[in-house]
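The block underneath contains the structure these notes are about, expressed in structure tokens.
Here, each number is a calculation from the coordinates, and none is a lab measurement. Being a predicted model, the structure only gives us computed values, none of them experimental. Cβ: placed from backbone, ideal geometry, glycine included. Neighbour counts: every protein chain shown.
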Amino acid sequence: MQEIRLPDRTNWGGRYNYRLALYEGLAESLLQALPPKATKIKIFIYEGDNMLNIQIIDSGKGFDLSIVEKTKSLGLQSLKNRALEMHGSLEIVSSAQGTEKIFIIPIK
């Protein structure tokens, strides 16, 4: 296991504390995948090239991303907003086998 040092910033370009925004994004992603939707959840966290990559993969039933984006889903919009407030991005891939969310956040 390797320790990842996050920036010590109280207000990182937005209204959120950097660490709190990261925690909330991770917590919300996990809540969206809780059973009965998913029976397995994997979380991978990588640090490299001054970026933090958080990958959350669940075994839920998935969803049609184009339909969810049209309806302006509050859950997914909230996740995207958190990533943007940290000058990062969120990529979502979903299929009948589950959903994968990838946060890419600058850390330096």
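Restricting attention to region 81-108, the residues that are touching a strand residue (DSSP E or B) at 6+ places or on another chain (Cβ under 9 Å) and closer than 17 Å to MET51 by Cα add up to 17. Residue pairs whose Cβ atoms lie under 6 Å apart, separated by 6 or more positions or on different chains, with the first residue in region 24-50 and surrounded by fewer than 11 Cβ atoms within 10 Å (Cβ to Cβ) and the second among the charged types (D, E, K, R), are ASN50/LYS108.
Is one or more of the residues making up region 91-100 in contact with a Ser or Thr (Cβ under 8 Å, 6 or more places away or on another chain) and among the charged types (D, E, K, R)?
yes
A search for C-beta distances below 6 Å between a residue of region 81-108 that is surrounded by 17 or more Cβ atoms within 10 Å (Cβ to Cβ) and any residue that is of a type in the set (D, E, K, R) and part of a helix (DSSP H, G or I), counting only pairs 6+ apart in sequence or on different chains, returns LEU90/LYS80.
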